[in-house]
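Worksheet: one structure, shown below.
The values are calculated or read from the model by the stated rules, or taken from the named source; none is laboratory data. What you see is a predicted model, and the numbers here were worked out from it, not measured in a lab. Neighbour counts are summed over all protein chains in view; Cβ atoms, including those assigned to glycine, are modelled from backbone coordinates with ideal geometry. Note: areas computed on protein heavy atoms with side chains; ligands, DNA, RNA excluded. Shrake-Rupley method; radii C 1.70, N 1.55, O 1.52, S 1.80 Å.
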Amino acid sequence: MSTTGRELTRRLRLLLTLGAAATLVLFFAYRGVHDDTVPLSSSSTPGILAVDTARNALGTAHRIVGDSGPEGDMSDEFHTQVSVAHQSLALTASENVIGVEGRHDLQTITGLIAVYSGWVERWGREDHQALSTAYLHYAERVLGLESEPGTDGDVMSRLDALRDKQLDVAERQAAFPWQLWLGWSTVAVLYLALLLALLETQRFLRRRFRRPVQVRLLAATAVCGLGVPVLGWITWTAQRAMSGSLDGIRVREKDPDGIPKTADQVQSALADAGFWASLSGWVLLGGAVAMALTVWGLWPRITEYRWRAPR
């Protein structure tokens, strides 16, 4: 094989090595971010906001109890709010943000709400002042009002603890830890090295064979030159959307009307999460196409020199 053939073979090996390494690192770095966008949007955020809804509904229910007084008619609206709380907890269970531990917590909370409702019902039916006061006190202790703190096992405390656990999961999903910084830094280094190697190879071919453009290598360069920046921009957009969504749910929403607004904001920010995540498969395809174009562009020249008869 002539010197030109060896130079072409060396460049082909370098390009394939860089292409394979860049594709794999980009694939895992990309998935490291986008695998969490969909669960944050479709599971974690609705689960957290459902806990907020349940907490607000129970607070409203007890305010109805206080406003009605022992002689008042509070049953319909009170039970409506308790029903809202149960429905919200059912939604939290369906989202299953923290797994088995969360389901156990929800079962306990649901049982405590039933106990709370039972004390309120007894309070509403009791004519004796002392017993009525005692029943209301027991109800408040089980509920765990901010104005009447209960034990760590009351409904509100358990709801807050459940929300904190869910928020921890959401924060992990929206985080950009050092592993991802390392991954994307490696992508940048390999991407630049691959582009430079492709450009140098085209310069070598143009100088050696007097051809202004090698179309297949140019196409491979275009795939790499455009694909990686586009995926990087999508990742930056997704990461910013996740961080913004987390800021919106980090503080517990005390206004019931504000919860749907927060949910809409998160859904709007992460509306393209499914599309972003689906592009991970195209990373491998794009890398394979770029490497195939590289081989297609260089291999005919290499075989030409390899099998050229000696003079």
Search result, residues across region 249-261 that are within 16 Å of the chain's Cα centre (by Cα) and surrounded by fewer than 19 Cβ atoms within 10 Å (Cβ to Cβ) = ARG250
How many of the residues making up region 211-243 are open to solvent by 40 Å² or more (accessible area, probe 1.4 Å) and free of Cβ contacts under 8 Å to residues at least 60 places away in the same chain?
-> 11
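For every residue, the table says whether it meets (1) in a loop (DSSP other than H, G, I, E, B); (2) closer than 22 Å to LEU180 by Cα.
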residue: VAL223; (1), (2): no, no
residue: VAL228; (1), (2): no, yes
residue: GLY232; (1), (2): no, yes
residue: GLU253; (1), (2): yes, no
residue: ILE259; (1), (2): no, no
residue: TRP276; (1), (2): no, yes
residue: TRP282; (1), (2): no, yes
residue: LEU293; (1), (2): no, no
Look at GLY111 and say whether it is free of Cβ contacts under 8 Å to residues at least 60 places away in the same chain and on the phi > 0 side of the Ramachandran plot.
-> no
Residue in region 99-131 that is nearest to the chain's Cα centre (by Cα), counting only those that are open to solvent by 30 Å² or more (accessible area, probe 1.4 Å) and β-branched (Val, Ile, Thr) = VAL100
Among the helices (runs of 4 or more DSSP H) contained in region 8-125, which hold 3 or more residues that are in contact with an Asp or Glu (Cβ under 7 Å, 6 or more places away or on another chain) and either under 30 Å from GLY183 (Cβ atoms) or modelled with pLDDT under 90 (or both)?
-> 45-68
Scanning region 273-302 for residues that are within 14 Å of LEU8 (Cα to Cα) and at pLDDT 75 or above gives THR294, VAL295, TRP296, GLY297, LEU298, TRP299
Looking only at region 87-98, and only at residues there that are free of Cβ contacts under 8 Å to residues at least 60 places away in the same chain and either among the aliphatic types (A, V, I, L, M) or closer than 14 Å to LEU143 by Cα (or both), the one that is surrounded by the most Cβ atoms within 10 Å (Cβ to Cβ) = LEU89
